[in-house]
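J.: Take this structure, written in structure tokens, and hold onto it; I'll ask about it next.
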Amino acid sequence: MIRLDELPEDIQARVQTTRERVALLHGELPANSLVVWTAGNVSERVEGTNLFVIKPSGVRYDELSAHTMVVCTLDGKKIEDGTPASLSPSSDTAAHAYVYRHMPQVGGVVHTHSTYATAFAAVHRPIPCVLTMMGDEFGGEIPVGPFAIIGDDSIGRGIVETLKESRSPAVLMANHGPFTIGKNAEAAVKAAVMVEEVARTVAAAEQLGTVVPVAQEHIDALYDRYQNVYGQH
Ligand SMILES: [Zn+2]
């Protein structure tokens, strides 16, 4: 098994800063009301390695710190990372690992069961692109992924197959909830916050009347300007 303390010092240092970043970013999930109890998780690839850092399973948010963040290889196996053997990686680790293996441009993955986004997932409905901010951030509708349960690669495969067909950094896994990706963990957390925000707004709009789609040409212009002029991705 790979031992963290036997890796080159520069890699150990990179693991450490990634752990600090991922621990801090976890605070954004409860702060933005995206999670309850121990649900939800953030991970980040350790740049230039075959490792990523993810939340430990079943630990409460106020108990998370840099040294309880678990380090895994890209096949989802925990390395000898200095955490207690009882601290296992998040139960969603296989899905995160699958995304990192199949989408080399992705550096961060987030999963929550945030209420409104998950409500769309419960009815298998994509979130239609009816807001300019959706054009900016998602480049179109936010798609629904297949129904899949924990146990093999089917969640990861569903995420990758859906997102490869879309400009959206978020997918609503059917009957489950949102998974988001980004160039790093911060970008994936931002997408998780934004997907809940637009889901809530669209759900409110649908109570008021018929939502009006943004024309494709405008979506393209919004997306291009926001992604390129602002250099977000
Ligand atoms: Zn879940």
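The values are calculated or read from the model by the stated rules, or taken from the named source; none is laboratory data. Remember, it's a predicted structure, so these values are computed and weren't measured experimentally. So basically every Cβ, Gly included, is an ideal-geometry build from the backbone, and we count neighbours across all protein chains shown. These accessible areas exclude ligands, DNA and RNA; they are computed on the full protein's heavy atoms, side chains included. Shrake-Rupley method; radii C 1.70, N 1.55, O 1.52, S 1.80 Å.
J.: Scan the stretch 133-159 residue by residue and report those that are out of contact with any Cys (no Cβ under 9 Å at 6 or more places or on another chain), of a type in the set (D, E, K, R) and either open to solvent by 40 Å² or more (accessible area, probe 1.4 Å) or more than 19 Å from Ala199 (Cβ to Cβ) (or both).
T.: Within the stretch 133-159, Asp152, Asp153, Arg157 meet the criteria.
J.: Would you check if there is a residue in the stretch 47-59 being open to solvent by 50 Å² or more (accessible area, probe 1.4 Å), within 16 Å of the ligand (Cβ to nearest atom) and modelled with pLDDT under 95?
T.: yes
J.: Are any residues in the stretch 94-148 free of Cβ contacts under 8 Å to residues at least 60 places away in the same chain and among the hydrophobic types (A, V, I, L, M, F, W, C), and if so, which ones?
T.: Ala97, Ala121, Ala122, Val123, Ile142, Val144, Phe147, Ala148
J.: Still on this structure, I have one more. Please go through (1) open to solvent by 10 Å² or more (accessible area, probe 1.4 Å); (2) farther than 19 Å from Ile149 by Cα; (3) among the hydrophobic types (A, V, I, L, M, F, W, C); (4) within 16 Å of the ligand (Cβ to nearest atom) for Ala39 and return the number of the only condition it doesn't satisfy.
T.: Among (1) open to solvent by 10 Å² or more (accessible area, probe 1.4 Å); (2) farther than 19 Å from Ile149 by Cα; (3) among the hydrophobic types (A, V, I, L, M, F, W, C); (4) within 16 Å of the ligand (Cβ to nearest atom), the lone unmet condition for Ala39 is (2).
J.: Within the stretch 91-125, take every residue that is open to solvent by less than 10 Å² (accessible area, probe 1.4 Å) and of a type in the set (S, T, N, Q) and give me the one that is farthest from Val202 (Cα to Cα).
T.: Step by step, filter the stretch 91-125, then rank; the result is Thr93.
J.: Next question, about the same structure. Within the stretch 165-188, count every residue that is touching a residue at least 60 places away in the same chain (Cβ under 8 Å) and either more than 17 Å from the chain's Cα centre (by Cα) or more than 16 Å from the ligand (Cβ to nearest atom) (or both).
T.: 6
J.: Across the stretch 196-222, what is the number of residues that are assigned to a helix (DSSP H, G or I) and either closer than 24 Å to Gly40 by Cα or open to solvent by 50 Å² or more (accessible area, probe 1.4 Å) (or both)?
T.: 17
J.: For Ala192, which of the numbered conditions (1) within 12 Å of Met134 (Cβ to Cβ); (2) surrounded by 17 or more Cβ atoms within 10 Å (Cβ to Cβ) fails to hold?
T.: It is condition (1) that Ala192 fails.
J.: How many residues does the stretch 138-191 hold that are assigned to a strand (DSSP E or B) and either touching a strand residue (DSSP E or B) at 6+ places or on another chain (Cβ under 9 Å) or of a type in the set (A, V, I, L, M, F, W, C) (or both)?
T.: Total satisfying the criteria: 14.
J.: Still on this structure: If Gly177 satisfies all but one of (1) out of contact with any His (no Cβ under 8 Å at 6 or more places or on another chain); (2) modelled with pLDDT of 95 or more; (3) of a type outside the set (D, E, K, R), what's the number of the condition it fails?
T.: Of (1) out of contact with any His (no Cβ under 8 Å at 6 or more places or on another chain); (2) modelled with pLDDT of 95 or more; (3) of a type outside the set (D, E, K, R), only one is false for Gly177: (1).
J.: Turning to a different aspect of this structure: Condition test on Thr162, is it open to solvent by 10 Å² or more (accessible area, probe 1.4 Å), polar (S, T, N, Q) and within 25 Å of Asn32 (Cβ to Cβ)?
T.: Yes: the conditions hold for Thr162.
J.: Is it fair to say Leu29 is within 16 Å of the ligand (Cβ to nearest atom), outside any strand (DSSP E or B), among the aliphatic types (A, V, I, L, M) and in contact with a His (Cβ under 9 Å, 6 or more places away or on another chain)?
T.: No: the conditions fail for Leu29.
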